[in-house]
Amino acid sequence: MFMRPRGRFADMQWVEKQYFYEHNIANQGDYLLERLKNPTDIPQKMSLGGAVKGILRFMVIFIMVFVAFVIGMFNLYSYYIGVKQNEGFTTVQESFKTLFWAIFGLSEVISVVINYNHKFIENIGYVLYGVYNVTVVIVLLNMLIAIINNSFQEIEDDTDVEWKFSRVILWFSYFGEGRGLPVPFSLVLGPGSLFCILLKLKGWIFELYPES
């Protein structure tokens, strides 16, 4: 059996491993962003950005519905701790976990069953749980899929314009302040660069000699 090492040094090792794994995931994300700079992948990048905006708008509606059901199911079953088939809906945390995993079909219907003969509360729980599954799993998730498909189709309809627009944005990302000259002449300091250097020198002088 795997035994977790104990002690402060061992805890630091676990934290280090966690950051190492997260860094690996971030590196893969950076590779994906660099890959999307390819002209053939520009429509996918633009459609991904449009899909993210649509998802953010969708999440506002989803969170409102989700929080409403979490609080409602908790208020309904908060008095039945220890007398249910499982701990679902007896606390806010359990209510959140049960409804969250119900989106992926991993929650059980027995979460609404009460061992006591309180059929009225149990039937209300069945109705609310069914309404939640219909609203979230069937309606809202299909709405999210439609939003993503719509944003992708809009980008595909204007692929050429979106590609040119993305290339211009990519070019501007390589233009820094004070670099107004082409590559061979960019080694020579231009007026903008000299002005920035003079401003920095002035700031350093005031920091060194504040009284003067």
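The values are calculated or read from the model by the stated rules, or taken from the named source; none is laboratory data. It should be emphasised that the depicted structure is a prediction, and the values quoted were computed from it without experimental measurement. Reconstructed Cβ throughout: ideal geometry from the backbone, glycine too, with neighbour counts over all protein chains shown.
Within the range 64-87, take every residue that is crowded, with 17+ Cβ neighbours inside 10 Å and within 19 Å of I138 (Cα to Cα) and give me the one that is nearest to the chain's Cα centre (by Cα). Going through the qualifying residues, I end up with F66. Here E177 meets the list (1) among the charged types (D, E, K, R); (2) closer than 30 Å to M59 by Cβ; (3) modelled with pLDDT under 75 almost entirely, failing just condition (2). Out of curiosity, is Y129 assigned to a helix (DSSP H, G or I) and either surrounded by 12 or more Cβ atoms within 10 Å (Cβ to Cβ) or of a type in the set (F, W, Y) (or both)? In short, yes.
Can you pull out the residues in the range 88-126 that are part of a loop (DSSP other than H, G, I, E, B) and under 29 Å from the mean Cα position of the chain (by Cα)?
Of all residues in the range 88-126, those part of a loop (DSSP other than H, G, I, E, B) come to 88-91, 103-108, 113, 115-118.
Selection gives G88, F89, T90, T91, I103, F104, G105, L106, S107, E108.
From the list F172, F152, exactly one residue is surrounded by 13 or more Cβ atoms within 10 Å (Cβ to Cβ), of a type in the set (F, W, Y) and either at pLDDT 80 or above or part of a helix (DSSP H, G or I) (or both). Which is it?
Details: F172 fails: surrounded by 13 or more Cβ atoms within 10 Å (Cβ to Cβ).
On inspection, the qualifying residue turns out to be F152.
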